[in-house]
Each structure stands twice: as structure tokens, then as C-alpha cells.
Amino acid sequence: MTNRTDLIRVSRLAVLLAMLGMLLSTLPVSAASSVGIEARALMGGRYAVGGWMAVAVTLVNDGEPTDGNLTAATQAGAVSRFVEMPAGARKVVMLYLQPEAFQRKITVEFQEPNGTVRDEVEVRVLEQSDQQRAIVGDGGGTLRPQLLGTDELSGPEPISLAPADIPERPEPLGGLSAMVWAGDSASLTEAQQRSLERWVAEGGQLVILGGPDWQARTAAFAELLPVTGLAATDGVPQAALAAWSGSDAPATPDATVSTGTLHEDARALITADDGTVLASMRPVGAGHVVLIGTDLATDAHRGWAGAPLLWGRLLPSGALLEQFTGGGFPFQEESDSSLSQALTTLPSLDVPPAELLLAVIVGYILLIGPVSYIVLRRVDRRELAWVTAPLLIVLFSASSYGIGRSLKGSDVIVNQISLIRSSSAGGSASVETYAGVYSPDNATYDVSVEADALMGRLLPSALRDFGVPTGTDVLVEQGDPAHLRGLGIGAGGFEGVRAVAVIEHQPTLSISWGTRGDDRIGTVTNIGDVTISDVAWISTSGGEMVGDLEPGADADFTIPATNFNGSAASEQVYGFGGFDTGSDEQRQIQMRRQVIDALVGYGSGFRGFDIGTASARGPYLIGWRPGEGPLPILVDGQKAQRFGSEVEVIAARPPLGSGEVTIRPHQMAITVVGTEGDAVSGGPGMVMLGDGSVTYGIGLPLEAAGLAATDVEIVVGPDPSFVLTDQGGFGGFLPQGYTVEVRRPGTDEWVLVGDLNQRSRFEIDDPSTAITPTGRIEVRVTGRLDPNFGQPPSVFVSAQVTGVIGE
């Protein structure tokens, strides 16, 4: 009996196992992904606030063919690329995203049918400064100490990169002002080369080191170099290099130098005693390329006392002025806010006419009040008022909604502004398209661009960076075409979207420069085939309206030497006011004002002049024309009403030119060379000076190389605003006992030039006793503080130099 029972139990168990096996056989088999993933953030994992970051993701498939989505997410939304992975494939895929300001890690995932693999990269935001630099190829660590310098206000620490850290698009380079190249450029891809060329054209400074290894370092930059026929010359004296930097002796008596024949638009910066060009510069668009023939990436130059002085002139730091004038202001937030406002300036979104609103209100009052009462009394059914009143309310609500919908329309509305950023270098342009999408209903939309563009929501940066909810999440599918999916908009709501790409482009406006007295005269010509309207010159220091230009027409405009009226560029171009938007013309002017504010700022910075060499805020030459631009943003599956404007934005910093020029205090490269005694930093751009001394190094800009000085004036004040604005040269801001001296070039002799208790501007009778042939001035302020005076006063020093630059 027992055996029979056991047999039955075993049989039942076998049947159950067989049924379970059949059931499991019908389910999909899930296996672990055979794809390996490794993510690496380019640019050393650094990114600008509100800017783009590039992440290179290596995928390796050791299994069967598969495909999936490579994704990464930030608070601004997720980005994705579809990737096919054949068996044995190894691919490097790029993702571009906008991290939050304080984000430290980014997770990258590859999702495919067999599973998900992920990796993390560490990231860090760049300091908000116009003086952020990078060094490429400093494997031995010899350049970094040279660029760090000894000045406590010399700007952020440089970033160390390898050639492989250079992205294939220029957008992630936007946070850099300068790059020193000592690596092997032959390994750069064509896309990386185009990225660097575009970055320079938009205002970047590229310094390339030569020396014995010049071939590898210059291989990718043949079209940008200041010289042709490059070759190495041995045994070139280095004394001129030391003199130009302000050092007493060179790092080595002679060295192997890479040099050649200057381009017609290039300028020699340093020439050796035997005539060899040691350093040269060539403007490229809004930026410039410098070739240093001597290899500075050596141990000898690492410990050379003149190295920080040399780099201080090659890459002049505006930190003293920047910190005082607010150059580190988070400009991206201001720009995004102005563009968002510009996108809402749309005729179809106007307030209904006051007459219509009044008619609706009066009609509602009459109908629900006396008319309803009279009708109900006539039919002797006044008790129905409790029924008719709600019905009339519903009727008028529906009527009001219908009127509003008929005025605003039932279609999706897209208002688009396209910024085409180019330069005199031509060839290509960065296009930034901003689109405001208005929705009549509560809906979710997909938008797209028919190009390999970077897309994202136009969010208020302050909200995004501090984690404030800003709407629904979106997914950006990168590639060609690019898509932004899941853009949720409430009924009657409005959302901004941006798209960025680089295109082949020739500017439609050209500019040439001349001089009239102390002012620069610009001549702008329409070299295109359509009329350009509201052509204007704008910068942080102001602006000037040029007007409309027909094809082939030209017009002049004047840039004053200084402009301290305190008004923004948009006000100087279009006048004060501009808040009335009753007509289409007024709305158009208001929109263009806001775009100018987005380009050069409205309430930030220090008015009166442009500081530094970076072109993040201009100056620009702009001109408008109707149209959607080369990078329109489309709403998928919707027949939308579309409004568009495009503006050509050309970097237009006036060159110094040749002939007699005046270099003003704000154009100088200023550093604190050293202090003695009671002399400490007293705040941005100032030194608190008691019983002691402070020595300033003042250098002419690179564009003034070869200037023969005819007049030199030392300018001293308690802070940069006193020095940079003409205060009449009166003294008295310092007590008795404070003197100014200049160092006689080539000696250790200091020459007394005046007493700061008497005046603050000092003309030098003989310029050769104050400025070196290479354009450098050293000024020492010495204090003897009266104990009864109180807190030590602050000082700041610059100079104004007039001279002649040869052809």
C-alpha cells in the first residue's frame, strides 16, 4: 500500500514538473547583456554653466547582434542615441548634454533587449570667468606652473587635457578663453580640427608651441598658423624672449626654434637679435592664433622666473578688472531670460482690444441683470431666475472662451528667432535657433530639426540649477534629424526650445575700419542679395544704429573711445522706453531690444568700454531679415502658425590697425608683480597699501606689437573705476607719503615720477625711460602711512600709451 501511494505521489510530481516546464518554455528568455560600456567625459569632465558637455561612450559587443538606446539624463532632460551593435562590434558614440551647475556625476546607460549596462563619469563646472584656460599635452607638468604664475588674481587654474579630450563640436569649448597646445595634433580627427577652428573664430586664443617637436604639434593647424614654410633653426638666441617678458635673463641662452615666413595678415611679436621670429600672431575671425617658436614645455622653462611674466603677456589676464566690474556674472541666465521674453513677443498672443472686453462685460451685466428680470417679469416666471442665472453664466463663459479662442486661434503657434553667429573668417557659422511654442490646449508635443543639432528646453537657468521644478521631462534623440519628445504645455501655455548646430555659411555683412581722431570708424557693407534691416554695432559698452542696407549698400558708424552714459546697448540703438507694444512695429522693436540684451547684456558689467579679449559678449555687428533661418524647429504632426526672424551676428572687435594709435588703460594687461611690507589684497582689483610697496606690470596688448611709443602716462587711483574713467588726474585720494616710480628699462633703477597726494596722472617726459621696446612698463607705488590716518588706502595702476604702429 505504501509503495502504491509513493508511486502516485511521484507520478503527480512528474506531471507538475512537466507542466511547469511547458509553461516556462513559452516565456521569453532573459539573458545578461553581452555589451560592455565605458564612458569618458571630454574636456577633463569640465563644462560651463548652462553650457554643453561631451561624453564619449565606448561600446563593445562580445555576443550576438543587438541594438538599443544609449541614454544619459540631467535635470534639463534626457538625451538618447539609437545604436546598432553587430557581433564583435566596437563603437565610440558621442552624447552631448547640459548638466546642472553643481552636478558631479552623470550616469550613462545602454538599454538593449538582453539587459541594461551602465557607467558613471565624474564632472565639474568651470569657474564663471573670462580667463579660463586649458593646456593640451602637458604630460610632464612643465607648463602648468608657468601659467599659474605668482599673481593671486591671475584667474582660475588651467585645465590639463589630452588631444583625445577635444570634442568634435565647438559647443563644449564655449567655457574656454584660451588654449595652449603642446600635444600631438596629428591625432586630431577632421571633426576635431573643425571644432577648434570654429572656437577660435568665435573668439578663442590658441597658442601653439614649436621647438624640435614642431611637426607633430602643428600638423593639424597648417591653415591657422601665422607663418608658412615652417622649419626648425638651431642655436637661436633667447635674450629677446626674456626682454619681451620683462625677465632679466632667458631660461636658456639659445634654443631650437620653429619659424617661417609671416602671413600677410600676421604680425611678429618677438624677434631674436639675429632676425629670427620667435613668436608671431595671426587674427582668425574674432580670435587669434599665436605660434611660439621656442618649446616652453621644458624643465628649464618650468623653473624660469620669467615664465609667468611671459604668459601674462601672451594670455593677458583681465582678472583685476573682471573681478571689479563683474565679469564673472552668470551671463547665461540673463541671456536665457531675455530670449524667453523675446519669444513671447508675438502678435497672436496680444491682449484682446479694450473695446471688445468692455462690450462683453457690459453685455453680461445687462443680460444677467435688467434684461433677464424684464423678460421673466413679462412672462410672469420670475421664480425661474435661479435657473436662468446659471445658464447665462455658462453661456457667457462659453462665449468668452470662444471669443478668446477665435482671437488666439486654435492652431499651435511657433515664434522663432535664429541667431547666425559668424565672423570675418567666413566659411562656417554657429546657428542658435530659439522657438517659443504656444499651445491652445493641454497637450504634449514632439519637435524636431532636420540636422544633427543639439536640442533642449529653454529653461530659466536659475530654476534649473537650483532644482526648482520647471515642467515635464523631455527626451532628446540626438542624430540627424534630431528630435525633442514629450514637451508638455498647458492650455494657453508657452514653452521655449533651443537648437544649436554648425553650418557652412558666408556672412552677408562685411566690415572695414578706419580712424578719425580718437574714435574708430567702421564701414559696413551688405554683400548679400537681400535687404538687411536695423544694422547696428553693439557691445557691453553701448551701441549705435546704422540702419537698413540694400544689397551692395554701405554705411559708416562711429565707436567713441569711451562712453560712460550708463545706458545699455539696446537703449542706445533703439532709444529709451520701448515698453509700448500696441502695434506690430512696436512689438518687433521690443523683440529686437531683448535679443540685443541677450547678446551683450543689459544690467550686468561695467559700462563705458569693452574689457578683455574674449568675445562672449561682443562686440558684434548685427542685422535682421525675415525668415526662419537655416535651422528651423518643427512641431511634428501639427499644422502650426509660424513667425520667424533671423539675425546675423558677426564678431566685430575693431583692430588697432597701423599708424598713430592710443592704447587706453582698460586695454592693458595688468598684473601685480610683487609686494613688500604692509601691502595686501584689498578686494577685487585693488591692493591695500600701508608702509610698504606694490609693483605692477603693465603690458601692451598683442595687437600693439612693434608700437613705437611717443607718449606715456601713468594713471593711479583707489580702484579700477577711478583709473579706467577719466577723473581729471586730481590727487588727494591718498595721504602724504605715497609716491609713484617707474623702472628704467633694462636696469634696476627706479625713477620717481610724482607724489600721489598732488595728482593721479603722470606724463613721462621721455617714454623710453618708462616703456621697454617690447611694450612693457613696471610701476611701483610706495607708501609711508601716517599712524593717524586709519585703515590703509587702496591703489590700482594702469597706463595710457600713444605711439605709431608700422604697416
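When region 625-641 is filtered for residues that are in contact with a Ser or Thr (Cβ under 6 Å, 6 or more places away or on another chain) and free of Cβ contacts under 8 Å to residues at least 60 places away in the same chain, nothing remains. Contact map, region 355-383: first residue open to solvent by 100 Å² or more (accessible area, probe 1.4 Å), second residue of a type in the set (A, V, I, L, M, F, W, C), Cβ cut-off under 7 Å, separation 6 or more or different chains; pairs are Arg382/Leu376. Does Ala614 satisfy the criteria of being modelled with pLDDT under 90, open to solvent by less than 60 Å² (accessible area, probe 1.4 Å) and over 27 Å from Gly806 (Cβ atoms)? In short, yes.
Here is a check on your reading of the model: is Asp138 of a type outside the set (Val, Ile, Thr) and in a strand (DSSP E or B)? Taking the combined requirement at face value, the residue does not satisfy it.
Exactly one residue out of Glu660, Glu648, Glu676 is in contact (Cβ under 8 Å) with a residue 24 or more places away in the chain, over 30 Å from Val595 (Cα atoms) and charged (D, E, K, R), and it is Glu660. For region 82-105, the count of residues that are basic (Lys, Arg), within 29 Å of the chain's Cα centre (by Cα) and surrounded by 19 or more Cβ atoms within 10 Å (Cβ to Cβ) is zero. Does Glu763 satisfy the condition of being closer than 26 Å to Ala305 by Cβ, modelled with pLDDT of 85 or more, over 35 Å from the mean Cα position of the chain (by Cα) and surrounded by fewer than 22 Cβ atoms within 10 Å (Cβ to Cβ)? So Glu763 does not fit the description; no. Would it be correct to say that Arg118 is modelled with pLDDT of 90 or more, in a loop (DSSP other than H, G, I, E, B) and among the basic types (Lys, Arg)? Here the answer is no, as Arg118 does not meet what is asked.
Residue pairs whose Cβ atoms lie under 6 Å apart, sitting 6 or more positions apart in sequence or on different chains, and linking a residue in region 104-131 that is closer than 20 Å to Leu148 by Cα to a partner that is among the polar types (S, T, N, Q) and modelled with pLDDT under 95, are Leu126/Gln132; Asp130/Ser177; Gln131/Ser177; Gln131/Ser317. Of all residues in region 163-201, which are small (Gly, Ala, Ser), more than 19 Å from Val290 (Cβ to Cβ) and either at pLDDT 95 or above or open to solvent by 50 Å² or more (accessible area, probe 1.4 Å) (or both)? Hits for region 163-201 are Ala164, Gly174, Ala186, Ser187.
Evaluation of Thr558 against the conditions (1) at pLDDT below 90; (2) farther than 23 Å from Ser337 by Cα; (3) not in a strand (DSSP E or B) shows that the sole unmet condition is (3). Within region 257-285, the set of residues being touching a helix residue (DSSP H, G or I) at 6+ places or on another chain (Cβ under 9 Å), open to solvent by 30 Å² or more (accessible area, probe 1.4 Å) and in contact (Cβ under 8 Å) with a residue 40 or more places away in the chain comprises Arg267, Pro283. For region 60-76, the candidate set comprises residues that are open to solvent by 10 Å² or more (accessible area, probe 1.4 Å) and assigned to a strand (DSSP E or B); within that set, the residue that is modelled with the lowest pLDDT is Thr74.
Conditions tested, residue by residue: (1) at pLDDT 90 or above; (2) within 23 Å of the chain's Cα centre (by Cα); (3) on the phi < 0 side of the Ramachandran plot.
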| site | (1), (2), (3) |
| --- | --- |
| Tyr434 | yes, yes, yes |
| Ala443 | yes, no, yes |
| Ser448 | yes, no, yes |
| Asp452 | yes, yes, yes |
| Leu459 | no, yes, yes |
| Leu463 | no, yes, yes |
| Asp473 | no, no, yes |
| Gly493 | no, no, yes |
| Gly496 | yes, yes, yes |
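Among residues of region 768-787 that are without any contact (Cβ under 8 Å) to a residue 40 or more places away in the chain, those with a Cβ under 6 angstrom from a residue that is surrounded by fewer than 21 Cβ atoms within 10 Å (Cβ to Cβ) and part of a loop (DSSP other than H, G, I, E, B), sequence gap 6+ or separate chain, pair up as Thr769/Arg744. Only one of the numbered conditions (1) in a helix (DSSP H, G or I); (2) surrounded by 15 or more Cβ atoms within 10 Å (Cβ to Cβ) is not met by Ser768, and that is (2). Only residues that are in contact with a Gly (Cβ under 7 Å, 6 or more places away or on another chain) and buried (at least 20 other Cβ atoms within 10 Å of the Cβ): list them for region 520-533, please. Answer for region 520-533, where residues must be in contact with a Gly (Cβ under 7 Å, 6 or more places away or on another chain) and buried (at least 20 other Cβ atoms within 10 Å of the Cβ): Asn526, Ile532.
Among the criteria (1) in a loop (DSSP other than H, G, I, E, B); (2) within 15 Å of Leu206 (Cβ to Cβ), the one Gly275 does not fulfil is (2). As a summary of the residue check, Arg485 satisfies the conditions (1) open to solvent by 30 Å² or more (accessible area, probe 1.4 Å); (2) at pLDDT 85 or above; (3) over 28 Å from Ser567 (Cα atoms); (4) out of contact with any Leu (no Cβ under 6 Å at 6 or more places or on another chain) except for the one numbered (4).
For the condition under 29 Å from Leu309 (Cα atoms), of a type in the set (Ser, Thr, Tyr), in contact with a strand residue (DSSP E or B) (Cβ under 6 Å, 6 or more places away or on another chain) and in contact (Cβ under 8 Å) with a residue 24 or more places away in the chain, Ser80 does not qualify. Among the listed residues Ser418, Ser424, Ser410, which satisfies the condition of being assigned to a loop (DSSP other than H, G, I, E, B), closer than 30 Å to Gly627 by Cβ and at pLDDT 70 or above? From the options Ser418, Ser424, Ser410, the qualifying one is Ser424. Taking the stated definitions as given, is Val804 open to solvent by 10 Å² or more (accessible area, probe 1.4 Å), among the β-branched types (Val, Ile, Thr), in contact (Cβ under 8 Å) with a residue 24 or more places away in the chain and assigned to a strand (DSSP E or B)? Considered against the rule, which asks whether it is open to solvent by 10 Å² or more (accessible area, probe 1.4 Å), among the β-branched types (Val, Ile, Thr), in contact (Cβ under 8 Å) with a residue 24 or more places away in the chain and assigned to a strand (DSSP E or B), Val804 comes out as yes. Can Arg124 be described as basic (Lys, Arg), open to solvent by 60 Å² or more (accessible area, probe 1.4 Å) and within 29 Å of the chain's Cα centre (by Cα)? Spelling it out, Arg124 is indeed basic (Lys, Arg), open to solvent by 60 Å² or more (accessible area, probe 1.4 Å) and within 29 Å of the chain's Cα centre (by Cα). The residue pairs whose first member lies in region 228-252 and is at pLDDT below 90, whose second member is open to solvent by 30 Å² or more (accessible area, probe 1.4 Å) and of a type in the set (Ser, Thr, Tyr), and whose beta carbons are closer than 6 Å, counting only pairs six or more residues apart or on different chains, are Ala243/Thr774; Trp244/Thr774.
The values are calculated or read from the model by the stated rules, or taken from the named source; none is laboratory data. Keep in mind that this is a model prediction, so the values were computed, not measured. Neighbour counts are summed over all protein chains in view; Cβ atoms, including those assigned to glycine, are modelled from backbone coordinates with ideal geometry. With ligands, DNA and RNA removed, areas are computed over all heavy atoms of the protein, side chains included. Shrake-Rupley method; radii C 1.70, N 1.55, O 1.52, S 1.80 Å.
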